[in-house]
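One structure is given here, and the rest of the page talks about it.
The values are calculated or read from the model by the stated rules, or taken from the named source; none is laboratory data. Since we're looking at a predicted model, the values are computed, not measured. Every residue, glycine as well, gets a Cβ built from its backbone with ideal geometry; the counts of neighbours run over all protein chains shown. Just the protein is used for accessible areas: all its heavy atoms, side chains included, with ligands, DNA and RNA removed. Shrake-Rupley method; radii C 1.70, N 1.55, O 1.52, S 1.80 Å.
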Amino acid sequence: MTAASLPSSKPGGLKRLVERHPFLPALVIAIVLLALNGLYQPRSVSFAGITGLTKTYLALMMLAIAQTYVVYAGDIDLSAGAIVSLVNVVIVVTMEKLGGSGFSVVAALGIGLFVGLACGIINGIVVAALRLQAIVATFATSIFFTGLALYVMPVAGTPAPAAFWRTYGGRFFEIPFVYFAVALLAIVLYVLARTRLATQLLAVGDDAQAAYQSGLPVTKTRVQGYALCGLFAALAAFCITGDTASGDPLVGGKMTLFSVAAVVLGGSALSGGFGTVVGSIIGALIIGLINSLVFFVGTPSEWQNLVQGLAILVALMAGILVGRRARA
Amino acid sequence: MSKLIMRGVSKAYGATLALRRGDLTVEAGEVHVLIGSNGSGKSTLCKVLAGSVRPDGGEILIDNKPVTITGPHSARASGIGIFYQELSLAGHRTVAENICLPDMPGGIFVDRAALESRAQRYIALFDTVSGEGFSAEAVVENLRADQRQLVEIMKALATEAPITIFDEPTSALDRAQVDRFFDILRDLKAAGRSIIFISHRMDEIFAIGDRVTVIRDGETVGTKNIADTNPGEVIRLMVGGQDELAPGASAPPAEAADRKAPVLTVSRFFGKGFANVGFEVAKGEILGFGGLHGQGQSAVLRAIFGATPSNGGTLTLAGSTFTPSDPRAAIRRGLAYVSGDRSRDGVIQGRPILENVTPIHYLRQKLFLARPSALAERVKPALEALHTKFAGLGYSINSLSGGNQQKIVIARWLIDRPDVLLLDDPTKGIDLSAKADLFALIRQLAAEGMGIVLYSSEDAELLNNADRILVFNGGAVRRELTGAERTRYNLYQAAYEAA
Amino acid sequence: MTAATQTPAAAPSPVLTFLKQPLVVALTLIAALLLLGEALSPGFASGQQILRLLIVAALLGIVAAGQNLVILGGREGIDLSVGGVVSLSAIIGGNLMNGADSGILPAILGCIAAGAVIGLFNGLGVTLLRIPPLVMTLGMLGVLQGLLVVIRNGIPSGRAAPGLSQFVTQPFLFGLPGIIWLWVAIGLLMAFMLGRTVFGHRIYAIGSNEQAAFMAGVPVKRTRIALFMLSGAFAAVAGMCLIGYSGSSFANVGEQYMLPSIIAVVFGGTPLSGGKGGYTGTMAGAVLLVVLQSILTTVHIDESGRQMVFGATLLILMLFYGRGRAMRA
Amino acid sequence: ADYKIGLSNGWVGSEWRTQMIEEAQAAAAAWKDKGVNVEVVVQSANVDVPGQIAHVRNFISEGVNAIIINPNSPTAFDPVFAQAKEAGILVISTDAEVSSPDATYVGIDQKAWGAAGAKWLAETLGGKGNVVAINGVAGHPANEMRVAGYKEVFGQYPDIKIVNEVNANWDQAQGQQAMQNLLATYPDINGVWVQDGMAAGAWKSIIDAKKESSIAATGEIRKDFIDIWTKDKLNSGASVNPPGVMASALNVAVLMLQGKELKEPATAGQYKNAMYLPIPFIDSKNLADAAKAVDGKPGYYSYTSQLSIEDAEKLFK
Ligand SMILES: Nc1ncnc2c1ncn2[C@@H]1O[C@H](COP(=O)(O)OP(=O)(O)OP(=O)(O)O)[C@@H](O)[C@H]1O
Ligand SMILES: Nc1ncnc2c1ncn2[C@@H]1O[C@H](COP(=O)(O)OP(=O)(O)OP(=O)(O)O)[C@@H](O)[C@H]1O
Ligand SMILES: O[C@@H]1[C@@H](O)[C@H](O)OC[C@H]1O
Ligand SMILES: [Mg+2]
Ligand SMILES: [Mg+2]
């Protein structure tokens, strides 16, 4: 006979669903927002409107993905936006130096990925190996990376070669390039979700000490999380560069906190161990949809910031509360 | 040739010498028991072997070859697996993932099929006893404490390590689960594996052990063949020159506590994990809660105290009816609740002993200022009553061993006497002498007129101390044992009766 | 018999223990930086200049007091909205005073009330709705920034009363400006509160083990809400002082205090995990940060160089403080 | 409405920007007298470059006839302005020049603005002395153009030495702190070149250090500052970047929407798409006039000027 004669709470359908797909509440919010956008400004949900939205927020989506991988492990990266700026100026300067040819673009992107990776590894070393507190340490590295970006390009403005941004803004077979980027991204994320690293990051985020005692290489895993974050921050920089066609040493600075907000909106736990990248992408979209909706409903300009701030706060709270209720 | 030899292992945490000289020799094909009072260094010795604690000195030989263990990973490579006393699970991961966490099958990608089938092997071992809701896909966070402990056991088994350590693996398990586990240990033993097993339960030690090594104050004091020794001798080794106190040595309780007016009455009480519970506690009475663990005893106590929600019931304390709301209100009313899970419910880590012993006093006396000298006067008697050993009230509670920490936590309830003391398995993980101190005090408090409810997962404690025992099963009281009925036989029978 | 096994191992030398205290570390680093500053640009460590640095440090330090409390209270306590509160308070204070000494008292009360109300919202979100503090206060920051825009559109940015400007920038007692005395008073108050009041002990209790505190009758929610309210109030006081410092209020004056206030707390020896630390160290941490920043302004290098040196120095300094526990004990 | 015009402001960090929007809204309303209905839709928020690109895309979705933008970047809008143009939208930038060939700049020449202040300072110092500069946000285009402006001017004076340049992010308190540090390290400063909003802060430190009689510094154009300037007889001079630039741009935009053509095409500036507005300058000579102009206004009000509809009409064929 066993002690298990007490009925243990049996997870209901909704609970199971949200447990498996923590981004569902966010998805509902996003769909509602999209519908509202369409209601107030039909053109905003036209093909061109959606394409514009995607172009604008693809960078934030990338950065939210970047942030998710460190949040998985219970870490945070406040330098993500600074990495975006640094990679942006590095690739623009490289393309310019190499003459703006197709080769220069490829070379610059390679170097950009390398820079993002290097920044990520530096963060990883500082936080995981040197064991500094992530919030303050990555704030410090963000200042350092910003300094580097200013060194590479003291003044915003160097243009990116047309070949680069015309590709990003252009179409292939009548389909805007960004949708190819999104499709490729989906594949990459699908693949990444199946890696050992993803599971290990989540296990570390659940309880780092327990993971270590179980024999997981905790430090290495966290460094890898930051490295992945750096890589995706570089991809975010590519998108920004595609959309802005130029270098700007400060371009990513403000994106950092939004990337954190997007991760939370997407249903991931900042304490680690729980979440999805898909959710973070939806979270980034929610931020974009809120910003445009506030305009489309005709909010007076001086109230726009406040209404956006309130709406994001409410969405953050709603996401957390709904997610928790569904899981409880 | 011995499978494992540990010699002269030492470890200090700042000023605390956790381990002075740990020696341990384990053969292939034996279950080797480690025993010692709380804080004697058992876990430390095991963690050194498992790589999660860096020793200050000592040597380790496996198969007669010296090995250097640089971390959990290298310990695994040297053939060591471990069940951690405090568990090492990832709450949001599934049972299967947790079982395979130490080395996930696959390369860059996880081999899901291999993972499932490996996990299933170990899950199957406990099929009959793992309880409802337990499956490979279950998220560990949603499991009960005993089920989590089973996962940790499976995880340790899945290492298939030649030397496997089990550091108090049975503390949350029920008898059936323990039996199943022991069967598995016997199989492993037969397969030539070496098992290191830690428990505070003497019966388990004699049921499964081949040899026993006793650790006292961080020092190995001897190893005996189980067959050649007896509990008395083991206890003598554990306590060394100090007083010898065995569980049964305490005076039996008064046959019938004078049935004065009840100080606490509970009727038709419902809540999560229990239903329609009713009982009375008289002034000066020690009412025992018995039965298998997790049958609602703890839930009832926590609900009375307001720590978990309840839905409906009539509760009367010292004549006035109340509805539990939160611990704060309960404390004001004169209730006290001691949890066995001191690290979760009790100890305020990293803070001075004074701050750990005063919070109830602050609340009951409505204090705003904390004047150390005045507080010290109030606090000292309570600490002395429990024979608490400490260097000074200003020292961090972390400077104490687990048992002494628990005494501090208990003492906080005694500065201002409560009317009713709710004890929720208060001796879990506490060594024998600390238990003896505690029960002597409890009986004294009862004699002074306090009403006491005692839930204990150890039958001996209940039988020796409770005036009356309510046996729980399936979230309800199934039987009341009074007077001469309080026998081990009756207790087991009531506990195992189908609900 | 008892289970006590702890025996003093070779006691670490008292000198070493002393040197490892965060306060001592911070003070030593401050002295070293002042010497460095003096070497780089003579006059940097003059009495007058140190006094001016202390005024700036006091502004940061007062914000950090609230930040410190929220962090001590644990459960990943952090207040990212302090910058917004500082800005808002500067505007509210400026308008309530509008250049007249008679407006100082209403301004102080108004600002503190506003800060406390914002803190109340943060606290309610964190406790009742159980939103993680980082998220709650980040969201609040966005709201406050929006609120600033609305307010600044509707009402003029006011001016500091001369009495307040005097208090903040001119000698007040023994040659020290009033704001420094205010800061010292806040320091003493904090030390008393944290060490000698039941409320202080409760802060540590919830910061160290919330569940245990709850079981021991600590009003966990109320205490935590109070911490956020205090944080808002301290930020508001800093906002008032800031308008006294600069004379008039404008824009996002407070933004620059958000992350530095956290760094000051960390440099003061309070880890972000809570339940441990105190305010004295934080005061030294604030001075340290301000000295470092002003050395960098006076050194003649490019902005890029300044930022790189600043970032790197912060990292190096962090190595002196509460590095996380090693996984292997 | 005859025309719908989108106004985008990507930074709300100063009252200057608020006034800029208000003046533009007033200018739109003024067209009613001419029988033209101009509707403005405004997006004014603290946003980053991507956020401001979103503003533009929202305007495109909204179907505006023209977009007037105070841009957060000189170059980042090239692609999105190209899209706007494709959609038949007129794009005008103001306050900061943009590189897009699809946009026209209507505003002051920031480099000349920086140079004007520097010229005043150099002449006031008699062509020699130690000068420090307190700049805005490093890397921000307007800031960098202004820096280039003063560098060029000071370069022409061999005896003027720039002993240090620091950034205080267009923030008054940071300007004050920076000045404090600079005063402590360089006791022999003669001149300070400081940008608008931070000037009041810098002057506060100068006055606190009782050096107002020995230091000349550029000033700003807010009423508050003009008052101190008048009262304390500061040795100051300020080039004016009037918040009316956006109103001016709006008037130009409406005329363009009406299909009128510029007499002289906008081809000035580094991007060859600029139409520069005059830069007023205030110093002790005309301080009283400026004080009169802002008399009765709130303290944050900036001395301003704009192209009236009539002025603007004169620029068109
Ligand atoms: N991480 C640590 N930091 C400081 N002291 C520690 C640490 N871990 C253990 N100790 C101390 O070392 C001593 C030995 O602890 P250990 O956990 O090995 O005891 P144990 O024999 O396993 O006790 P128990 O039966 O309670 O599990 C105790 O005094 C304990 O307080
Ligand atoms: N009903 C409860 N049962 C057990 N523990 C509780 C309960 N309520 C609170 N606690 C513990 O005490 C802590 C503080 O309690 P408090 O109620 O103040 O905050 P909370 O976590 O927001 O609780 P709630 O569950 O009411 O939202 C909780 O985090 C939890 O650890
Ligand atoms: O003059 C400044 C203007 O150029 C900038 O863009 O906004 C702030 C103003 O102070
Ligand atoms: Mg142990
Ligand atoms: Mg134990």
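Checked against the criterion of being surrounded by 19 or more Cβ atoms within 10 Å (Cβ to Cβ), at positive phi and in a loop (DSSP other than H, G, I, E, B), the range B:102-117 has no qualifying residue.
Among the criteria (1) surrounded by 19 or more Cβ atoms within 10 Å (Cβ to Cβ); (2) not in a loop (DSSP other than H, G, I, E, B), the one B:Leu414 does not fulfil is (2). Might you let me know whether the range C:259-275 holds any residue that is more than 10 Å from every other protein chain (Cβ to nearest Cβ), modelled with pLDDT of 95 or more and farther than 16 Å from C:Val86 by Cβ? No, the range C:259-275 contains no residue that is more than 10 Å from every other protein chain (Cβ to nearest Cβ), modelled with pLDDT of 95 or more and farther than 16 Å from C:Val86 by Cβ. For C:Leu182, the test of being open to solvent by 20 Å² or more (accessible area, probe 1.4 Å), more than 16 Å from ligand 2 (Cβ to nearest atom) and in contact (Cβ under 8 Å) with a residue 12 or more places away in the chain is passed. Looking across the range D:37-50, the residues that are at the interface with chain A (Cβ under 7 Å from one of its Cβ atoms) and out of contact with any Pro (no Cβ under 9 Å at 6 or more places or on another chain) come down to D:Gln43, D:Ser44, D:Ala45, D:Asn46, D:Asp48, D:Pro50.
What tally of residues in the range C:313-329 results from selecting those that are closer than 30 Å to D:Asn130 by Cβ and hydrophobic (A, V, I, L, M, F, W, C)? Even if it seems obvious, please write down each step before you answer.
From the range C:313-329, those closer than 30 Å to D:Asn130 by Cβ are C:313; that's our starting set.
With hydrophobic (A, V, I, L, M, F, W, C) added as a condition, the list becomes none.
Number satisfying all stated conditions: 0.
Conditions (1) surrounded by fewer than 20 Cβ atoms within 10 Å (Cβ to Cβ); (2) under 28 Å from D:Val80 (Cα atoms), marked per residue:
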| residue | (1), (2) |
| --- | --- |
| A:Val87 | no, yes |
| A:Gly116 | no, yes |
| A:Gly124 | no, no |
| A:Leu130 | yes, no |
| A:Thr158 | yes, yes |
| A:Tyr168 | no, yes |
| A:Arg171 | yes, yes |
| A:Phe177 | yes, yes |
| A:Ala193 | yes, no |
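The number of residues in the range D:160-188 that are more than 9 Å from chain C (Cβ to nearest Cβ), open to solvent by less than 10 Å² (accessible area, probe 1.4 Å) and not in a helix (DSSP H, G or I) comes to 0. Within the option set C:Leu227, C:Leu242, being open to solvent by less than 10 Å² (accessible area, probe 1.4 Å) and either at pLDDT below 95 or within 14 Å of chain B (Cβ to nearest Cβ) (or both) holds for one residue only, C:Leu242.
Annotation: D:Gly237 fulfils all but one of (1) part of a loop (DSSP other than H, G, I, E, B); (2) open to solvent by less than 60 Å² (accessible area, probe 1.4 Å); (3) more than 26 Å from C:Gly94 (Cα to Cα); the unmet one is (1).
Of the residues screened, C:Gly285 is not one that is in a loop (DSSP other than H, G, I, E, B), buried (at least 24 other Cβ atoms within 10 Å of the Cβ) and within 14 Å of chain A (Cβ to nearest Cβ). Kindly check whether there is at least one residue in the range C:186-205 that is within 16 Å of ligand 2 (Cβ to nearest atom), within 8 Å of another protein chain (Cβ to nearest Cβ), open to solvent by less than 10 Å² (accessible area, probe 1.4 Å) and among the hydrophobic types (A, V, I, L, M, F, W, C). Yes; the residues of the range C:186-205 include at least one that is within 16 Å of ligand 2 (Cβ to nearest atom), within 8 Å of another protein chain (Cβ to nearest Cβ), open to solvent by less than 10 Å² (accessible area, probe 1.4 Å) and among the hydrophobic types (A, V, I, L, M, F, W, C). Taking the stated definitions as given, is D:Glu212 farther than 15 Å from C:His300 by Cα, more than 8 Å from chain C (Cβ to nearest Cβ), open to solvent by less than 20 Å² (accessible area, probe 1.4 Å) and in a loop (DSSP other than H, G, I, E, B)? Here the answer is no, as D:Glu212 does not meet what is asked.
When B:Tyr84 is tested against (1) under 27 Å from A:Gly74 (Cα atoms); (2) within 16 Å of ligand 5 (Cβ to nearest atom); (3) open to solvent by 10 Å² or more (accessible area, probe 1.4 Å), exactly one condition is not met: (3). Of all the listed residues (C:Ala100, C:Ala160, C:Ala107), the sole one being aliphatic (A, V, I, L, M), out of contact with any helix residue (DSSP H, G or I) (no Cβ under 6 Å at 6 or more places or on another chain) and either surrounded by 24 or more Cβ atoms within 10 Å (Cβ to Cβ) or away from chain A (no Cβ under 14 Å) (or both) is C:Ala100.
Would you mind stating whether C:Ile301 is outside any helix (DSSP H, G or I) and within 13 Å of chain A (Cβ to nearest Cβ)? Answer is yes for this residue.
The set of residues in the range A:129-141 being touching a residue at least 40 places away in the same chain (Cβ under 8 Å) and at the interface with chain C (Cβ under 9 Å from one of its Cβ atoms) consists of A:Ala134, A:Ile135, A:Phe139, A:Thr141.
Considering the range B:12-67, the qualifying strands (runs of 3 or more DSSP E), each wholly inside and each with 3 or more residues that are more than 16 Å from ligand 5 (Cβ to nearest atom) and in contact (Cβ under 8 Å) with a residue 60 or more places away in the chain, run over B:16-26.
Can you find a residue in the range D:86-108 that is of a type in the set (Ser, Thr, Tyr), in contact with an Asp or Glu (Cβ under 6 Å, 6 or more places away or on another chain), assigned to a strand (DSSP E or B) and buried (at least 24 other Cβ atoms within 10 Å of the Cβ)? Within the range D:86-108 (the criterion being of a type in the set (Ser, Thr, Tyr), in contact with an Asp or Glu (Cβ under 6 Å, 6 or more places away or on another chain), assigned to a strand (DSSP E or B) and buried (at least 24 other Cβ atoms within 10 Å of the Cβ)), the answer is yes, since at least one residue qualifies. Kindly establish whether C:Met327 is within 10 Å of another protein chain (Cβ to nearest Cβ), within 17 Å of A:Val136 (Cα to Cα) and of a type outside the set (Asp, Glu). No.
Name the single residue that is nearest to ligand 4 (Cβ to nearest atom) among those in the range C:214-223 being within 7 Å of chain B (Cβ to nearest Cβ) and either of a type in the set (Ser, Thr, Tyr) or under 18 Å from B:Gly350 (Cα atoms) (or both). The selected residue is C:Met215. Among the residues of the range C:35-87, those that are in contact (Cβ under 8 Å) with a residue 12 or more places away in the chain, over 23 Å from the mean Cα position of the chain (by Cα) and open to solvent by 50 Å² or more (accessible area, probe 1.4 Å) comprise C:Leu36, C:Leu40. Identify all residues within the range B:19-44 that are farther than 20 Å from B:Asp203 by Cα, aliphatic (A, V, I, L, M) and near ligand 4 (Cβ under 10 Å from one of its atoms); write none if there are none. Scanning the range B:19-44 gives no hits. Looking only at residues in the range B:122-147 that are out of contact with any helix residue (DSSP H, G or I) (no Cβ under 8 Å at 6 or more places or on another chain) and modelled with pLDDT of 90 or more, the one that is nearest to the other protein chains (Cβ to nearest Cβ) is B:Gln147.
Total residues in the range B:382-403 satisfying the condition of being within 12 Å of chain C (Cβ to nearest Cβ) and in contact (Cβ under 8 Å) with a residue 40 or more places away in the chain: the figure is 12.
Listed conditions (1) at pLDDT 80 or above; (2) exposed (fewer than 12 other Cβ atoms within 10 Å of the Cβ); (3) more than 27 Å from the chain's Cα centre (by Cα) are all met by B:Ala256, apart from (1). Filtering the range A:269-288 to residues that are small (Gly, Ala, Ser) and outside any loop (DSSP other than H, G, I, E, B) leaves A:Gly279, A:Ser280, A:Gly283, A:Ala284, A:Gly288.
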